[in-house]
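Enquirer: Before I ask anything, here is the structure I am working with.
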Amino acid sequence: MSMRCRLRDCIPLTWSAGRQCIMSLYLDGVRLPSDQLDLIHLDDLAGVEVYKRGFDVPVEFQSRFGNECGAALMWSRS
């Protein structure tokens, strides 16, 4: 996993089928736009799960558009 940042926005990237693509983001089970990662404060998180490949993403977090790029699942403390 890597990050690409432009101005204030950062997005999580991974590789799939030889190309770089954007990972899905979830906070407490709710999908977030990938450019919202910079709004998450690490001190507010209880845990993070990173799935680099789409077939590793738990079924309940696989979207109908597919998750070939993987996903980052974040869980807040509250």
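Enquirer: Going through the stretch 38-78 one residue at a time, which ones are closer than 21 Å to residue 20 by Cβ, charged (D, E, K, R) and free of Cβ contacts under 8 Å to residues at least 24 places away in the same chain?
Expert: 56
Enquirer: Go through the stretch 40-64 and count every residue that is in a strand (DSSP E or B) and under 16 Å from residue 77 (Cβ atoms).
Expert: Filtering the stretch 40-64 down to residues in a strand (DSSP E or B) leaves 45-51.
Of the ones still in play, those that are also under 16 Å from residue 77 (Cβ atoms) are 45-49.
Final tally of qualifying residues: 5.
Enquirer: In the stretch 31-78, what count of residues is obtained for those that are modelled with pLDDT of 90 or more, farther than 23 Å from residue 5 by Cα and of a type in the set (D, E, K, R)?
Expert: 1
Enquirer: Something else about it: Can you tell me which residue is nearest to the chain's Cα centre (by Cα) among those in the stretch 15-26 that are polar (S, T, N, Q) and at pLDDT 75 or above?
Expert: Taking the candidates together, the pick is 24.
Enquirer: Return the only residue of 73, 25, 37, 13 being outside any strand (DSSP E or B) and hydrophobic (A, V, I, L, M, F, W, C). Give the steps one after another, and end with the answer.
Expert: Details: 73 fails: outside any strand (DSSP E or B); 25 fails: outside any strand (DSSP E or B); 13 fails: outside any strand (DSSP E or B).
Among 73, 25, 37, 13, only 37 is outside any strand (DSSP E or B) and hydrophobic (A, V, I, L, M, F, W, C).
The values are calculated or read from the model by the stated rules, or taken from the named source; none is laboratory data. These figures come from a predicted structure and were not determined experimentally. Don't worry about glycine lacking a Cβ; one is built from the backbone with ideal geometry, like all the others, and counts go over all protein chains shown.
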